[in-house]
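Worksheet: the structure to be examined is printed underneath.
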Amino acid sequence: MKLAAKIMLMFLAVVMLMTAAGSYFSVRRGFERFEEQQQQFARDTADAIEDQLADAWRRGGANGLLDAMRSLSVPDPRHKAQWIWLEQTRISDGTGVQIIERRAGIGGDMESRTITDERGERHLRTFYPIDLGDSPRGGLEVTGSLEPLDNAARETVVTALATIGLMAIVSLALAYAAGMRWVARPLQRLIDKTERIGSGDFSDPLPTRGNDELSELARALNKMSDQLAAQQEKIRDEAAARQATLEQLRHADRLKTVGRLAAGLAHELGTPLNVVSGRAGLIASGQLTEEEVAASARTIKSEAERVTGIIRQLLDFARPARSQREAVDMTRLLEETAGLLEPLAEKVGVRIETRLAPQLFVRADRSQLLQVFTNIVVNAIQAMPTGGVVTVATEACEAPPPDQDTGETRPYLVSRICDQGVGISPEHLEQLFEPFFTTKDVGEGTGLGLSIAYGIVREHGGWIAVDSRPEEGSCFSVYLPLE
Ligand code: ADP
C-alpha cells in the first residue's frame, strides 16, 4: 500500500475511534446523570415525607401508609414514587386481609437498577429505605422511564455515524489531496531520481523548495548525485589516462621486440635482396635471351614481394593499433607469430615447431594477441642460448572461469608455448608477471613483456599459467575464451 494511503487510513481510523469514544461517553454520561438525579429525587422525597409516612403508619398501619402514599404529589413528572415492603406485610381493605409479598432481590441500602417491562421499555428504579420504627422493613421506590434517554442515545449514535461518514469522505478527500501533494508526488520524484542515479544519470536535480524532511532528503540526494557525477568524471579521466599509459607501454614493448627482430630480419632481407641484385645485374649485362630476361624479371618481382611482405609484417607489428575485437583464427595468428620470429630463432639455433588444432577462433584484438605470443615466444627463444626446440600447440578445453568458484566450466582455447631452456626458479615464478621484473642484463630486458601479456589476456577474459623446471624448460599456457 502506498504511504499516502496508509497515512490517510490511519488518520481516518483515529478520527472514527475518537468520534465513537466521544459518543459512547456522552450517552453514558447522560445515563449517569439521570441516575444521579433519580437518587437525589428519592432522597429528597424520602426526607420530605418520612415524618408524614411514620405518622400514617402509626395511625392507620399499612393501609394508612398506602393512603398517604397515594395522596402524595410527585413534583417531577419523570419519576413515579411508590412504597414497597422488603418483608411480607398484611393489609385489610374492608373485604378482607391481603398479604403483600415483599419485593425480592433488594438489600437494605439505597440502590438503582435497570429493568425492562413487558412492552420492552427500559426503566430505572431506585430504592430508598425508610425506617418507620416498628413497621416491617420497606422504603420508597422511584421509577423513571429510560425511553427518552434511549431515544437520545439512538440519535447520538445516528449523528455519530453520519458525522463519521461525512468526516470519512471529507478527510479522505483532504488527506488524499494533501498526501498526493506533500508526500506521494515528492516521494515519487525521489524514487525516480534514485533510479536515475542508479543507472548512472546524474542530470536534472530535484526541486528543493520548502523546509520539510522530504525537501531535505531531495537536497541530500542532489548533493550525492553531484558528488557521484564528479567522482565518475574523475574515474573516467583516470581510466583514460591509465589506458593511454598502458597503450604507450605496450607500444614501447612492441618497438623493443621490433628491435630484437631487426637483427634476424637483416639476414632474412639480405637473401632476397642479393637475388634481386644478381638478377638485375644479369639483365643489365644484356647477355640474356628474351625468355631469360622475362624469367629473371619474374624472380625479381617475387623476391621484391617477399621483402615487402617481411617489412609489412614488421610494420604491422610495430604500428600502434586501435583496440578492436574480431573473430581471430588462432591457427593463422600463431603461424604468423612463428613466421615472424623464425629468423631470430634460427640465429641462435632454435627451431619453432607448431602443432596447431584447426578452426579454433577467439574474439580478440588481433594485434594485441600477436604482441602476447611474440613476447612469450621471444622469451622462450632467449631461454635457450645454446639452441633447442620451442613448441607452440593449441587445443580446446573446459575450465572454470578465473575468480569464480561456482564449479561451472566454460570452453577455452589453451595455447601452450614450451621450451627446453634454463627454466624459472620457484622464487622468480611468483614475480614473473610483475612489471619491471627481469633477470636479463640492462639493455637486454625491460621486465615489461610478461606483465603486458598478462594484462592483455586478462582483458580478453583469460589467464596465463606457467609450469617450469629449472634446467629443464618452461611451459606457458595462455587460456582464452573460445568463440
Ligand atoms: P624481459 O624479457 O624483458 O626480462 P619479461 O616480462 O618478458 O621481461 O620476462 C620477465 C622475466 O621472466 C625474464 O627476465 C626471465 O627471467 C623470465 N622468463 C620469462 N620467460 C621465460 C622462459 N621461457 N624461460 C625462462 N625464464 C623466463
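The values are calculated or read from the model by the stated rules, or taken from the named source; none is laboratory data. Owing to the predicted nature of the structure, the values given are computational and were not obtained by experimental measurement. Backbone-built Cβ (ideal geometry, glycine too); neighbour counts: all protein chains shown. What goes into the accessible areas is simple: the full protein's heavy atoms, side chains included, and nothing from ligands, DNA or RNA. Shrake-Rupley method; radii C 1.70, N 1.55, O 1.52, S 1.80 Å.
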Does any residue of region 257-277 turn out to be hydrophobic (A, V, I, L, M, F, W, C) and open to solvent by 70 Å² or more (accessible area, probe 1.4 Å)?
-> yes
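Taking GLU472 as the residue in question, decide whether it is over 26 Å from ALA239 (Cα atoms), more than 10 Å from the ligand (Cβ to nearest atom), open to solvent by 10 Å² or more (accessible area, probe 1.4 Å) and not small (Gly, Ala, Ser).
Values: over 26 Å from ALA239 (Cα atoms): yes; more than 10 Å from the ligand (Cβ to nearest atom): yes; open to solvent by 10 Å² or more (accessible area, probe 1.4 Å): yes; not small (Gly, Ala, Ser): yes.
Here the answer is yes, as GLU472 does meet what is asked.
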Looking at region 426-441, is at least one residue touching a residue at least 40 places away in the same chain (Cβ under 8 Å), touching a strand residue (DSSP E or B) at 6+ places or on another chain (Cβ under 9 Å) and either surrounded by 13 or more Cβ atoms within 10 Å (Cβ to Cβ) or in a loop (DSSP other than H, G, I, E, B) (or both)?
-> no
Are any residues in region 353-380 more than 44 Å from the chain's Cα centre (by Cα), open to solvent by less than 20 Å² (accessible area, probe 1.4 Å) and of a type in the set (Val, Ile, Thr), and if so, which ones?
-> THR374, ILE376, VAL377, VAL378
Taking into account only those residues within region 381-421 that are of a type in the set (Asp, Glu) and away from the ligand (no atom under 13 Å from the Cβ), which is most open to solvent (accessible area, probe 1.4 Å)?
-> ASP405
Any pair with Cβ under 7 angstrom, 6 or more apart, that starts in region 128-141 at a residue that is within 18 Å of ARG90 (Cβ to Cβ) and ends at one that is of a type in the set (Asp, Glu) and at pLDDT below 80 = PRO136/GLU87; ARG137/GLU87
Among the listed residues CYS475, CYS418, which satisfies the condition of being in contact with an Asp or Glu (Cβ under 8 Å, 6 or more places away or on another chain) and closer than 22 Å to ARG355 by Cβ?
-> CYS475
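Pick out the one residue from LEU221, LEU217, LEU255 that is under 25 Å from GLN368 (Cα atoms) and either not in a helix (DSSP H, G or I) or not basic (Lys, Arg) (or both).
On the way: LEU221 fails: under 25 Å from GLN368 (Cα atoms); LEU217 fails: under 25 Å from GLN368 (Cα atoms).
Selected residue: LEU255, the only one of LEU221, LEU217, LEU255 that is under 25 Å from GLN368 (Cα atoms) and either not in a helix (DSSP H, G or I) or not basic (Lys, Arg) (or both).
Conditions (1) in contact with a helix residue (DSSP H, G or I) (Cβ under 8 Å, 6 or more places away or on another chain); (2) of a type outside the set (D, E, K, R), marked per residue:
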position: GLU290; (1), (2): no, no
position: SER302; (1), (2): no, yes
position: GLY309; (1), (2): no, yes
position: GLN368; (1), (2): yes, yes
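Considering only region 442-461, I want to know if a residue exists there that is in a strand (DSSP E or B), of a type in the set (A, V, I, L, M, F, W, C) and more than 8 Å from the ligand (Cβ to nearest atom). Step through it out loud before you land on a result.
At the first step, the residues of region 442-461 found to be in a strand (DSSP E or B) are none.
No; the residues of region 442-461 include none that is in a strand (DSSP E or B), of a type in the set (A, V, I, L, M, F, W, C) and more than 8 Å from the ligand (Cβ to nearest atom).
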Based on what the data block shows, is GLU398 part of a strand (DSSP E or B) and either without any contact (Cβ under 8 Å) to a residue 12 or more places away in the chain or acidic (Asp, Glu) (or both)?
-> yes
When HIS251 is run through (1) loosely packed, with under 11 Cβ neighbours inside 10 Å; (2) of a type outside the set (S, T, N, Q); (3) more than 30 Å from the chain's Cα centre (by Cα), the failure sits at (1)
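Residues checked against (1) surrounded by 12 or more Cβ atoms within 10 Å (Cβ to Cβ); (2) small (Gly, Ala, Ser); (3) closer than 22 Å to GLY179 by Cβ:
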{"site": "THR194", "(1), (2), (3)": "yes, no, yes"}
{"site": "GLY200", "(1), (2), (3)": "no, yes, no"}
{"site": "SER203", "(1), (2), (3)": "no, yes, no"}
{"site": "ARG209", "(1), (2), (3)": "no, no, yes"}
{"site": "ASN222", "(1), (2), (3)": "yes, no, no"}
{"site": "SER225", "(1), (2), (3)": "yes, yes, no"}
{"site": "GLN231", "(1), (2), (3)": "no, no, no"}
{"site": "LYS234", "(1), (2), (3)": "no, no, no"}
